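Worksheet for the structure shown next.
The values are calculated or read from the model by the stated rules, or taken from the named source; none is laboratory data. The shown structure was predicted, so the numbers you read here are calculated from the model rather than taken from an experiment. Glycine also receives a Cβ, built like all others from the backbone with ideal geometry; neighbour counts cover every protein chain displayed. Remember, those area values only see protein heavy atoms, side chains included, never the ligands or the DNA or RNA. Shrake-Rupley method; radii C 1.70, N 1.55, O 1.52, S 1.80 Å.
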There are 2 protein chains.
Amino acid sequence: MRIGELSERTGTPRRLLRYYEEQGLIVADRLPNGYRVYDESDVDRVAQIRGLLDAGLPTRIIKQILPCLDKPRVIHFPDATPEMLETLENERDRMTARIRCLTRNRDAVAEYLSVVREKLAAGPSA
Amino acid sequence: MRIGELSERTGTPRRLLRYYEEQGLIVADRLPNGYRVYDESDVDRVAQIRGLLDAGLPTRIIKQILPCLDKPRVIHFPDATPEMLETLENERDRMTARIRCLTRNRDAVAEYLSVVREKLAAGPSA
DNA sequence: TCGAACCCTCACATCGATGTGAGGGTCAAG
DNA sequence: CTTGACCCTCACATCGATGTGAGGGTTCGA
């Protein structure tokens with residue numbers, strides 16, 4: 001598929017698909033006329049990128065963790081330098097911290113909402 | 001305490017403490033000379049703000065969810081408009097989505113790391 | 001009284017993610 | 001051949017979070 005379809009299917013502006021490519025997060029083949037072509041797997045990949053961006057990770061980091069989830073179990077770690085492994089470990093820990101923070105606050109918001117809803121159901125205009 | 005101490009204890013630049021105040025995330029009393037004064041609870045509050053910012057939430061949203069976790073159980077929902085409740089529900093769901101995305105990817109990174117570590121332990125230079 | 005170490009406000013700069021549009025090719029259908 | 005719907009690159013604009021520094025007060029100890 002070309003960029004327009006991918007944009008529509010992922011709800012992502014074309015501008016951003018090009019930006020993600022520029023940042024090395026996705027690679028697109030080109031037709032002889034220069035048009036980008038994508039395949040089905042790019043739909044998931046873009047969704048993943050957007051999810052991570054939305055969770056606060058910068059493209060620089062996303063670029064590093066994406067290969068870890070590539071393909072089924074084809075771990076191509078020969079190019080894994082010690083610095084890179086350390087970066088990944090740090091990022092794993094940061095993600096864990098984020099998850100904890102988000103969970104705690106999400107639960108608090110959820111509880112607040114349920115209490116308010118309960119009150120509203122009991123005495124609407126009180 | 002004044003801004004310098006809070007900055008040091010939270011590892012947050014003074015500039016940002018002032019910025020958070022400007023965004024309505026924290027309120028600081030003032031000494032007669034204009035200096036900001038904070039109390040112990042602000043240390044936790046700043047940590048919470050930073051955690052949420054790091055998790056990708058904008059100050060505008062953080063400002064809305066902070067009151068939900070304020071104090072023990074003093075829910076002051078009289079000023080809870082329907083729009084606000086809807087915003088909170090949306091944000092709760094977005095946080096849940098973020099948590100799922102982060103967890104999935106964190107686990108993948110963690111597994112990648114453990115496999116690589118294992119390989120390295122087995123045949124270091126192979 | 002002077003200097004160091006605080007604090008203040010204001011304002012411009014940077015950085016990453018994104019919006020927007022100019023200027024211009026490609027291609028299929030009328 | 002032309003029009004409309006695609007696509008391209010390039011470049012400037014915006015927005016939120018953050019850096020940086022100018023210009024200036026306050027406090028305190030040497």
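Below, the figures for the structure above:
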{"read-out": "Quotient of C-alpha Rg and 2.2 N^0.38 Å, computed over chain B", "value": "1.47"}
{"read-out": "Solvent-accessible heavy-atom area per residue, rounded to whole Å², over the range A:1-121 at 1.4 Å", "value": "57"}
{"read-out": "The range A:1-71: radius of gyration over Cα atoms, expressed as a fraction of 2.2 N^0.38 Å", "value": "1.05"}
{"read-out": "Accessible area that becomes buried as B packs against A, both chains, 1.4 Å probe, Å², nearest 100", "value": "4000"}
{"read-out": "Descending Cα extents along the principal axes, the range A:80-126, whole Å", "value": "63, 10, 9"}
{"read-out": "Two-decimal log10 I(q)/I(0) for the protein assembly as shown, as the Debye equation yields it once each C-alpha is a single scatterer, q = 0.10, 0.15 Å⁻¹", "value": "-0.67, -1.13"}
{"read-out": "Shielding by partners - mean other protein chain Cβ count within 10 Å, residues of B:88-101", "value": "5"}
{"read-out": "Partner chain coverage, peptide A:56-69 - average Cβ within 10 angstrom", "value": "3"}
{"read-out": "Partner chain coverage, peptide A:40-51 - average Cβ within 10 angstrom", "value": "1"}
{"read-out": "Spacing of the two label points (7 Å from each Cα toward its C-beta) at B:LEU31 and A:MET1, in nm", "value": "6.2"}
{"read-out": "Accessible surface of the protein assembly as shown [probe 1.4 Å, protein heavy atoms]: carbon and sulfur percent", "value": "51"}
{"read-out": "Accessible area of A:GLU5 in the full protein assembly, 1.4 Å probe (Å², nearest 10)", "value": "90"}
{"read-out": "Pairwise label distance in nanometres, B:GLU40 with B:THR103, each label 7 Å out on the Cα-Cβ vector", "value": "3.4"}
